[in-house]
Amino acid sequence: MKIFKEIALLRAFLGEKKKFGLSLGLVPTMGALHRGHLALIQAAQQANEVTICSVFVNPTQFNNATDLEKYPRNLDGDIQLLESAGCDVLFAPDTKEMYENASGLTFDFGQLDKILEGKFRPGHFSGVALAVSKLFNIVEPSRAYFGQKDYQQFQIIQVLTQELKFNLQLHSHPIIREADGLAMSSRNQRLDNKERTNATALYRALMIARNALHENASWADARQAAWKMMEETPDVKPEYFELAHRENLLVQENVSNDDAVLLVAAHVGKIRLIDNQLLKE
Ligand code: AMP
């Protein structure tokens, strides 16, 4: 695997590949890689001649300084995982490389970045959009791969791609879960054993509400049952639990099962986790 820390060297290398008409698949990550990330790498490998994984803990998307400081970092482990997965290129720039001469550019997505995650993490999606735009401009991939785990992030990136006319295809990959349902996340590493067990409450809440809605319960009742279970689980403090339209993410009570996604965020101990579930896959 080729490893690049500098934009200019990566561009020169990929420029050669493009000359031969090779397709490029980009998988942007913040590292501390797990099987969820590897599933995206695999999807990229299946459809592209060259797969590029980026590992960059993007400071502008963190609205909490402690979260940024404590975010798991393990570049050596990531390199090993990517090597054994057969990834072609790793781009691992430092903050200076990505943000030299930063102007403080921000993005405003109207309603979409003010709701759900945006409400609790102001500025988060602006930072995501900035880092993703930089990566799209640097790599100019044929296709880019993201996880459904970050459901709202994918909607934001879709809008960004349309609005800025990035010439690439976006792909969303289903959530990869642990055997007990917990969505894989780099942040799970920071849970202690007890918190790790209790963290399944997010997935269980999604299942409680989904099953209730499938049995024609009202959203108010489904939500209350899920919320109560989370509140009664030690270490777990739910932040939001919403039913939204799967495309525009507008929170709605009367959305049909075919069009709806359930989204949850909760603190488990000191760690904030998110998860979601389409009512109909
Ligand atoms: P992150 O490193 O957490 O920023 O994630 C990088 C990419 O991997 C994002 O597009 C995430 O949505 C995706 N991802 C993270 N966890 C999972 C998972 N459990 N299943 C599928 N995709 C994931």
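The values are calculated or read from the model by the stated rules, or taken from the named source; none is laboratory data. As the structure is a prediction and not an experimental result, all values here were calculated from the model. Here the Cβ is made from the backbone with ideal geometry for all residues, glycine too, and neighbour counts use every protein chain on show.
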Output for region 30-55, where each listed residue is surrounded by fewer than 24 Cβ atoms within 10 Å (Cβ to Cβ), farther than 13 Å from H171 by Cα, in contact (Cβ under 8 Å) with a residue 40 or more places away in the chain and near the ligand (Cβ under 9 Å from one of its atoms): M30, G31, A32, H34, R35, G36
Residue ID - nearest to L33 (Cα to Cα), chosen from residues in region 45-82 that are in contact with a helix residue (DSSP H, G or I) (Cβ under 6 Å, 6 or more places away or on another chain) and part of a loop (DSSP other than H, G, I, E, B): P72
Check on L170, over 13 Å from the mean Cα position of the chain (by Cα) and buried (at least 20 other Cβ atoms within 10 Å of the Cβ): no
Any hit, region 135-146, residues being touching a helix residue (DSSP H, G or I) at 6+ places or on another chain (Cβ under 7 Å), within 19 Å of N63 (Cβ to Cβ), at pLDDT 95 or above and assigned to a helix (DSSP H, G or I): no
Residue among N211, N216, N248 that is in contact with a helix residue (DSSP H, G or I) (Cβ under 9 Å, 6 or more places away or on another chain), part of a loop (DSSP other than H, G, I, E, B) and either away from the ligand (no atom under 16 Å from the Cβ) or over 18 Å from A266 (Cβ atoms) (or both): N248
Condition check for F120: surrounded by fewer than 18 Cβ atoms within 10 Å (Cβ to Cβ) and touching a Phe, Trp or Tyr at 6+ places or on another chain (Cβ under 9 Å): yes
Check on G104, outside any strand (DSSP E or B), within 14 Å of the ligand (Cβ to nearest atom) and not charged (D, E, K, R): no
Within region 219-245, considering residues that are hydrophobic (A, V, I, L, M, F, W, C) and part of a helix (DSSP H, G or I), the one nearest to N188 (Cα to Cα): M230
Search result, residues across region 10-44 that are within 15 Å of A85 (Cα to Cα), of a type in the set (G, A, S) and in a helix (DSSP H, G or I): G36, A39, A43, A44
Sole exception among (1) in a loop (DSSP other than H, G, I, E, B); (2) within 16 Å of the ligand (Cβ to nearest atom) for V261, by number: (1)
